[in-house]
Each structure stands twice: as C-alpha cells, then as structure tokens.
Amino acid sequence: MVVTSSARDYFNRILQDISGMKVLILDSQTVGVVSVVYSQSELLQKGVFLVELVDSISKSSESMSHLKAIYFLRPTSENIQFLGRQLASPRFGEYHLFFSNILKDTQIHILADSDEQEVVQQVQEFYADFVAIDPYHFTFHVPSHYIYMLPAVVDPSTVQRFCDRVVDGLAAVFLALKRRPVIRYQRTSDIAKRIAQEASKLMYQEESGLFDFRRMEVSPLLLVIDRRDDPVTPLLNQWTYQAMVHELIGIEDNKVDLKSIGKFPNDQEEVVLSSEQDPFFKVNMYENFGDIGMNIKRMVDEFQQVSESNQNIQTIEDMAKFVDNYPEYRKMHGNVTKHVTLVTEMSKIVDERKLMSVSQTEQELACNGGQGAAFEAVTNLLNNESVSDLDRLRLVMLYALRYEKDSPVQLMQLFNKLASRSAKYKPGLVQFLLKQAGVDKRMGDLFGNRDLMNIARNMARGLKGVENVYTQHQPLLFQIMESIVKGRLRDVDYPFVGNHYQQGRPQDVIIFIVGGTTYEESRSVALQNANNTGIRFILGGSSVLNSKRFLRDLEEAQRVARSSTTVV
C-alpha cells in the first residue's frame, strides 16, 4: 500500500498503451500529480514531446494532426467545457481522455455530443486525484485552505467546495489502493466529522459498486483528524533535511524554487528533491542537519575522485569510457551541486535569524515544563534585534499555547512586547490562534501533561536526557499512531461513522489531517513504518504546511471572520 507506486502505475499504463508521438495535456492540479511521479526525461522516453495546460492549449488553433493527445484532467465542469470546445474543432490526430476521478453521466454525454468528428479513441477513469509526495505521504493542495478554521455558516459554499475536494481525493486514494475503509473521525472537529460522513456516504451508498473490492479479514482504517488539535508542530523550526528545506526555503510538489532566496545559474533556479528520483536524498531526507553536512562532505569527496579519474584520459579506451559514463557524471555533478547549494543557503539563514537560539527555546516550550524560565527566554529573544518578526510571533504563539491558563499576566506582557517590537504582527493573531486551537478546543494530550502515561514518559526522557535538543519534539500524530498499534484509540474520542466497525487491528491505516500535514509528521510515519509493527501507516492532508503557510491560513481565516457578520 504505497501511494507513489499506485499513481506511477496509472501513468505507466497510459503511456505504454498509446504508441507514437504524444502530447500530454494537464490542468493546474494534475500537473502536480504527474510531476512528482514522472520526470520530464522519463516522459520524453515514453514519446511525450509536448506537455501543455488545458486552458492554454485552448488559445491556440495550430493543427498538430501528427500528434496523439493524451488528456489527464480532474473531472470538473470547467475542464469538461474546455474539452468540449477542443473536441468541436480538433487539432490532434487522436484524443485519449483520462480523468483522475469519477465522471458523472452528464459529463460523458457532453463529451460524446462534442465529438462529432469521432476523434476520441477512449475515455477512462484513472484514480490519481492526489499528489503522492513520498511513498507514505500525499496531499491535495485544496484551494481556500484557511476555510477549515471557520464555522460552515460563515461561507457555506466555500466550505462545501473544500469538503468536496477532500472527499473526492480520499475516494481516489482508496480506489487506487483498491480498498474500502472503515472510517473514524476526531469527535471535537465539525469539519473532520463532515468529511468522514460524506466520504462514508460516497463509498458505502452512492458509489458502493465501485468500492466493492475483495473483502479483507480486517478493513483498512481511514482516520480523519483536525490540524487544530496540534497547532505546535507547524509552528516549530525544523532540523531534519526535508522538513528544514520546506521550513526555510519551501518545497512545492518535490521542487525547490531557489529564485526566492538569491541569484543562481539558470539550471539551478529550481531543483528537484524526490526520494523516488534522488538516491542521496532518499537515504538522508530524515537525517538531522549536523549529519547532513558530514554526509554531503563524503559525497563531495567521492565526486572529486571521479573528477580526477576523468581528467586522466590518455588512450582511446579512456576516452570511450568517459563518453559512456558522461551522463552519469553529469547527473552526479548536478546532485552534488544541488545538495551543497541547499545546505549552504540554509546555513546562512540559520546564522542570519539566530535559529539555533530561537529553536532551542521553541523545543523547550513544546517539550518541557518550567514556565518562569520559558517566560525569561522568550522575553530575551523578543528583545534581540537579530530575531525576525516571524520568529518572535511563533515564540509568543508557542508560549501562549503552553501557558494560556497558567500565566495570563505574563502572557499579556508578551502580547504587549510583541506589539511594540513587531509592527507587522498584531497580538490579535495570537488570540485568534487560542480561540481556534487553545486548551479548551484541543482533545489530544498535546504537551504530554494530561495523561499519566505521557507524564511518566516525559519524566523518563527528562532524566535520561535527549539525544538532540533540536529534534526532541514529537508530533501529536506519534501518540495517535502508538494508540492504534496498541489498540487503545478510544471510540468515544474517535467515533466510527455509521455501523461499519473494526473487528481486530487494521493492517493499513490512512490518517488524514484536515488543515494540512508537515514533513515532521511524514518523518514520524516513515519511522513508525520502519518499526514493522504489522500496521502500515499513510499520511494525507489538504496541504503541506510550513510555519509561513500555517500563519497565512490563520491570518486569512481571521480576516474573513472579522468581515463576516456571523460571530466566530
């Protein structure tokens, strides 16, 4: 049950079954779906000479009857309209139509009516309506992402679109994996409950025939939870490779845009970070920053040895050998340059923003008690001119989430200090976060100070010491997975939808976070899967967060809440 291979298998089938020269036509969502599982060079090897977006191809009238058009689109009414117009005056010799999710009968009729010249060779549903970032991590990139934080009455149509996109995506994931799950959700989240119920209705009623796969002894589990039960994880600085790149620079569909942080040669402005396409990254994506530096140095040393041997060309045989190995040499050179560049740029950002000091305090706030020392540490960092406005805001938010009930007077002092030091951020945003995800709203034991088992575990960790002060935090997701492995996930906290219950321990579990996942959580899932407990976990979310994205959603939700006449 691996999402990358499910998506890749679909595209292998599409591209292998259609011979000759091809053009691949995608939409703004499916372009990400394809790019994470197929590189441009691989597409070229399969005879794809052109990749276009469906809305831009509509603007051209140039005939290309020598090409076979492969469309891979989401079955939206807008895409069906684009396609209808293109079929009415076809530019390509053949049309092969593939949709990433379930087509409605009315949509099929529109396509049939438009195909007067009978150029359509096939229409198929290939359920890859998700971006498979890593083998056990997928996302949907849902638009208007902030809306999950607001009650449905504020903007019912946007909330409905958000839920529809998530339910469609979840349906595609399970159709691709050929499973029908038992569904549970977080009791305290209205939106998690709504998505769970709508997904259940689709899988067990509206499209029950489509989901009627061979019965398994124990059905897989889909657990729908809410980001706001763990607002700490997306607020923390990260110190493992993949998570750190996303936090400090940003990753979008396994691509890193370096233009945002400086000037680079054209071929280095955008680099690919994919565990499927980059062996060094696959081995090191979950390693901490210190170890990454050492491992990159080793890679540079190996490359220098190869370079020296290439310079020592004396015979025709040496020359032939060099030519044979040149593509591999160039690839190795590109890989070395990419990783050296990323680590160098991140080191600069760490120094500029004093992130070692900031992060140590963040980790203390997230993992350890000691309110007096925490207040002093946060105050000192707020007074430090080198600390950025973004980092000041995150520190106050973490302090507020941890100590909102314990020290209201000191919290007020920090609010005032933040307002005076950081003109961009108003304390109102911290208060909005507490309204969304404060202690009264959260269900899980976020700081390990409610449940006796967690208190004991934290005490033991405190006595033993931690291996790395910067990576001691564990997301709430870790506790949830542990509860599932031990069969202790309480029905009262995570109820089942309908009368579909689990008999025994599931072998496959998909945990979907409404509000977005983090790379720290996907690392947790990968490490849990490596333990071979007999349960395989997959993590999915409505987007992939770093602290900037989480704060942007928070600001947008606050803006909409203020402009709404409905009380939030």
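The values are calculated or read from the model by the stated rules, or taken from the named source; none is laboratory data. None of these values were measured; they are calculated from a predicted model. Backbone-built Cβ (ideal geometry, glycine too); neighbour counts: all protein chains shown. In case anyone asks, the SASA skips ligands and DNA or RNA and just uses the protein heavy atoms, side chains included. Shrake-Rupley method; radii C 1.70, N 1.55, O 1.52, S 1.80 Å.
Taken over the range 96-118, the criterion of being hydrophobic (A, V, I, L, M, F, W, C), surrounded by 19 or more Cβ atoms within 10 Å (Cβ to Cβ) and in contact (Cβ under 8 Å) with a residue 40 or more places away in the chain is satisfied by 98 alone. Screening residue 13 on (1) closer than 30 Å to residue 509 by Cα; (2) exposed (fewer than 15 other Cβ atoms within 10 Å of the Cβ); (3) free of Cβ contacts under 8 Å to residues at least 60 places away in the same chain shows it passes everything except condition (3).
The requirement of being of a type in the set (S, T, N, Q), under 23 Å from residue 434 (Cβ atoms) and crowded, with 20+ Cβ neighbours inside 10 Å is not satisfied by residue 379. Looking at the structure I just gave you, is residue 564 loosely packed, with under 15 Cβ neighbours inside 10 Å, out of contact with any Lys or Arg (no Cβ under 8 Å at 6 or more places or on another chain), in contact (Cβ under 8 Å) with a residue 60 or more places away in the chain and not hydrophobic (A, V, I, L, M, F, W, C)? Here the answer is yes, as residue 564 does meet what is asked.
Residue-level check: of (1) open to solvent by less than 20 Å² (accessible area, probe 1.4 Å); (2) of a type in the set (Val, Ile, Thr); (3) at pLDDT below 70, residue 430 misses just (3). The set of residues from the range 249-293 being of a type in the set (A, V, I, L, M), open to solvent by 50 Å² or more (accessible area, probe 1.4 Å) and at pLDDT 90 or above comprises 272, 283. Test residue 176 against the stated conditions and say whether it is farther than 17 Å from residue 519 by Cβ and either open to solvent by less than 30 Å² (accessible area, probe 1.4 Å) or assigned to a loop (DSSP other than H, G, I, E, B) (or both). Judged against the criteria, residue 176 is a match.
Residues that are open to solvent by 20 Å² or more (accessible area, probe 1.4 Å), part of a strand (DSSP E or B) and over 28 Å from residue 549 (Cβ atoms) occur in the range 487-505; there is at least one. A search for C-beta distances below 8 Å between a residue of the range 504-519 that is in contact (Cβ under 8 Å) with a residue 12 or more places away in the chain and any residue that is basic (Lys, Arg) and open to solvent by less than 10 Å² (accessible area, probe 1.4 Å), counting only pairs 6+ apart in sequence or on different chains, returns 513/227; 514/227; 515/227; 516/227. Summed over the range 339-383, residues that are of a type in the set (Lys, Arg) and part of a helix (DSSP H, G or I) total 1.
Listed here are the strands (runs of 3 or more DSSP E) enclosed by the range 116-158 that have at least 1 residues being farther than 19 Å from residue 175 by Cβ: 120-125, 131-134.
Of all the numbered requirements in (1) touching a helix residue (DSSP H, G or I) at 6+ places or on another chain (Cβ under 7 Å); (2) within 22 Å of residue 173 (Cβ to Cβ); (3) open to solvent by 10 Å² or more (accessible area, probe 1.4 Å); (4) not polar (S, T, N, Q), residue 556 misses one, and that requirement is (2).
Of all the criteria given as (1) free of Cβ contacts under 8 Å to residues at least 40 places away in the same chain; (2) open to solvent by less than 10 Å² (accessible area, probe 1.4 Å), the one not satisfied by residue 134 is (1). Whether any residue in the range 200-219 is of a type outside the set (S, T, N, Q), part of a strand (DSSP E or B) and either open to solvent by 10 Å² or more (accessible area, probe 1.4 Å) or at pLDDT 95 or above (or both) is what I want to check. No, the range 200-219 contains no residue that is of a type outside the set (S, T, N, Q), part of a strand (DSSP E or B) and either open to solvent by 10 Å² or more (accessible area, probe 1.4 Å) or at pLDDT 95 or above (or both). Pairs linking a residue in the range 468-487 that is on the phi > 0 side of the Ramachandran plot to a residue that is of a type outside the set (S, T, N, Q), with Cβ atoms under 6 Å and 6 or more positions apart or on different chains, are 487/505. When the residues of the range 510-535 are filtered to those that are in a strand (DSSP E or B) and touching a helix residue (DSSP H, G or I) at 6+ places or on another chain (Cβ under 6 Å), which remaining residue is surrounded by the fewest Cβ atoms within 10 Å (Cβ to Cβ)? Across the range 510-535, the extreme among qualifying residues is 514. Among the residues that make up the range 179-191, is at least one of them in a loop (DSSP other than H, G, I, E, B), over 30 Å from residue 14 (Cα atoms) and either of a type in the set (Phe, Trp, Tyr) or open to solvent by 20 Å² or more (accessible area, probe 1.4 Å) (or both)? Within the range 179-191, one or more residues are in a loop (DSSP other than H, G, I, E, B), over 30 Å from residue 14 (Cα atoms) and either of a type in the set (Phe, Trp, Tyr) or open to solvent by 20 Å² or more (accessible area, probe 1.4 Å) (or both).
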